[in-house]
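**Student:** Sharing a structure below in structure tokens format, with a few things to ask.
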Amino acid sequence: MCKLVEELDLYLDVVSGGEIYTALKAGFPMEKSHFHGNSKSVEELKMAVKYGVGTIIVDNHLEFDILEKICQEKEKNIDIILRVNPGIEAHTHKYIQTTLFDSKFGESIFMDETLELIKKMDKSKRLNFKGIHAHIGSQIFDAASFLKEAEVMTNYIKKVVKEGIHVDTLNLGGGFGIFYAKGDTPVDLKSCLSGMIKIIERLNKKDALGIKTLQIEPGRSLVANAGTTLYTIQGLKTTSTGKNYYFIDGGMT
């Protein structure tokens, strides 16, 4: 898969030390990798710095502090993007909504502390602040959610730019739903993406924001139809309320 991503001239998202290792063994150009996750270990962050991961998507204040210390000790610089929570309700399963106000992912754009964190990032001598990232959920069929995300995120960049901070990159994540079963109606990607770009280009020009790079994470919309994942049911449990749970030998990702 890493080889295929490289052949297609795409960037690669990694979410663990194991995936960094896989990319390295495949000879993938690490400067084109993005390291995600809301609970990266110190060892994983050290690994990312050591092997030259291109960009780390920082999830929170603590991770920023840890990463800055590592880079100071190693005397290395690295690009970072801050994951924020724009508070957009995506119409999908509650377990894969990632921007509810109480979500564990990213820092809320409605908190003053988030802007203060961005100011710290911008002043860092070892961490190069490049921009902001959001991911509103997975398996989303409502194009309006993506259009809203584009508008809210670009307007938040306006707030950041007013503080004298340059924002080069806007990463809008992914979540584009695909057809799994009857009733699934994927968005028209060409129309949806064109609409997102128009919103961002208009606001970028109107407010002179200086955004140069727009990124998305197409994920399953690129690869899911290439195969099928089969699980084995390991057991069944019925609760006192009559709800049935089937246990399988696999996860959501």
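**Student:** Search the structure for amide H atoms under 5 Å from the amide H of Q215, placed 1.01 Å from N in the peptide plane, and list their residues when 5 or more places away or on another chain.
**Tutor:** Answer set, sorted by chain and number: L170, N171, L172.
**Student:** Going down the table (K120/K148; K3/K25; K76/K159; K40/K148; K50/K120), which pairs top 19 Å between alpha carbons?
**Tutor:** K120/K148; K76/K159; K40/K148; K50/K120
**Student:** Sticking with this structure for a sec: Evaluate the Kirkwood expression for the hydrodynamic radius of segment 1-227, namely the inverse of the mean inverse distance over all pairs of different C-alpha atoms, and round to one decimal in Å.
**Tutor:** Here the Kirkwood hydrodynamic radius works out to 18.2 Å.
**Student:** As a test of the formula, what do you get for the chain when each DSSP H run with n ≥ 4 contributes -39,500 (n - 2.57) and the sum is divided by the residue count, at 222 nm and rounded to the nearest 500 deg cm²/dmol?
**Tutor:** Result for the chain: -11000 deg cm²/dmol, rounded to the nearest 500.
**Student:** With charges only on Cβ, +1 for K and R and -1 for D and E, what is the dipole size of segment 195-253 about its Cα centre, in debye, rounded to 20?
**Tutor:** 280
**Student:** Contour minus end-to-end for K243 and S191, with contour as 0.36 nm per residue of separation and end-to-end as the Cα-Cα distance? Provide the component values of the computation, followed by the final result.
**Tutor:** Numbers: separation 52, 0.36 × 52 = 18.72 nm, distance 4.04 nm.
Contour length minus Cα-Cα distance gives 14.7 nm.
**Student:** Hey, another quick one. Using a Förster radius of 30 Å, what is the FRET efficiency between N155 and L230 based on their Cβ-Cβ separation? Nearest 0.05, please. Write out the running numbers ahead of the final one.
**Tutor:** Numbers: r = 44 Å, r/R0 = 1.46.
The computed FRET efficiency comes out at 0.10.
**Student:** Roughly what % of DSSP beta bridges within the chain run antiparallel, to the nearest 5?
**Tutor:** So the antiparallel bridges amount to about 20 percent of the total.
**Student:** Let me ask something else about it. Calculate the FRET efficiency for K120 and K32 from the Cβ-Cβ distance with a Förster distance of 25 Å, rounded to the nearest 0.05.
**Tutor:** Details: r = 27 Å, r/R0 = 1.07.
Computed FRET efficiency for K120 and K32: 0.40.
**Student:** Let me ask you something else. What ranking, highest mean first, results for peptides 50-56, 161-167, 226-232 when packing means the other Cβ atoms within 10 Å averaged over each residue?
**Tutor:** Final packing ranking: 50-56, 161-167, 226-232.
**Student:** Give me the percent of the accessible area of segment 1-138 that comes from carbon and sulfur atoms, probe 1.4 Å, all protein chains in place. If you can, show how the numbers build up before the last one.
**Tutor:** Values: 3600 of 7110 Å².
Heavy-atom surface of segment 1-138 belonging to carbon and sulfur, 1.4 Å probe: 51 percent.
**Student:** Working out 0.36 nm times the residue gap between K69 and F110, then minus their Cα-Cα distance, what length gain in nm do you get to one decimal?
**Tutor:** Stretched fully, the K69-F110 segment lengthens by 12.0 nm.
**Student:** Right, next: For segment 1-23, list residues with backbone N below 12 Å from a point placed 7 Å from the Cα of Y51 toward its Cβ?
**Tutor:** From segment 1-23, the list is 14-23.
**Student:** Along Cα→Cβ, 7 Å out, is where each label goes; now give me the distance between the ones at N77 and M1 in nm to one decimal.
**Tutor:** Each label point lies 7 Å from its Cα, and together they span 3.3 nm.
**Student:** Treat each spin label as a single point 7 Å out from the Cα along the C-beta direction, and report the A144 to Y180 distance in nm.
**Tutor:** Inter-label distance under the simple model: 2.3 nm.
**Student:** Just add up the charged neighbours of H166: K/R +1, D/E -1, any other residue whose Cβ is under 14 Å from the Cβ of H166.
**Tutor:** Charge balance near H166 sits at +2.
**Student:** Can you list residues from other chains, or at least 5 along the same chain, whose modelled amide H is less than 5 Å from the amide H of F35?
**Tutor:** Close amide H contacts, sequence-distant or interchain: V14, T55, I56, I57.
**Student:** Once phi is turned into ³J(HN,Hα) by the Karplus curve 6.51 cos²θ - 1.76 cosθ + 1.60 with θ = phi - 60°, what whole-Hz value does each residue of segment 159-171 show in order, with x for glycine and proline?
**Tutor:** 5, 5, 4, 4, 8, x, 9, 7, 10, 7, 10, 10, 10
**Student:** Be a star and scan segment 145-164 for residues whose amide nitrogen sits under 16 Å from the point 7 Å along the Cα-to-Cβ vector of E89.
**Tutor:** Those under the cut-off are 145-146, 148-149.
**Student:** Considering only the other residues whose Cβ falls under 14 Å of the Cβ of P186, what net charge follows from Lys and Arg at +1 and Asp and Glu at -1?
**Tutor:** Cβ neighbours under 14 Å give a net charge of 0.
**Student:** Please work out the average accessible area per residue across segment 1-227, using the 1.4 Å probe convention, and give it in Å².
**Tutor:** Numbers: 11840 Å² over 227 residues.
Dividing the accessible area of segment 1-227 by its residue count gives 52 Å².
**Student:** What does the charge count around I199 come to, taking other residues whose C-beta lies under 15 Å from its C-beta (Lys +1, Arg +1, Asp -1, Glu -1)? Before the final figure, lay out each step's value.
**Tutor:** Working: positive: K148, K158, K198, R202, K205, K206; negative: E149, E151, E201, D207.
Cβ neighbours under 15 Å give a net charge of +2.
**Student:** On a C-alpha basis, how far is the centre of segment 98-155 from the centre of segment 7-28 in Å? Whole number, if you could?
**Tutor:** 24
The values are calculated or read from the model by the stated rules, or taken from the named source; none is laboratory data. For clarity, every value in this text was computed on a predicted model and none was experimentally measured. Glycine also receives a Cβ, built like all others from the backbone with ideal geometry; neighbour counts cover every protein chain displayed. For accessibility, only protein heavy atoms count, side chains too; no ligands or nucleic acids. Shrake-Rupley method; radii C 1.70, N 1.55, O 1.52, S 1.80 Å.
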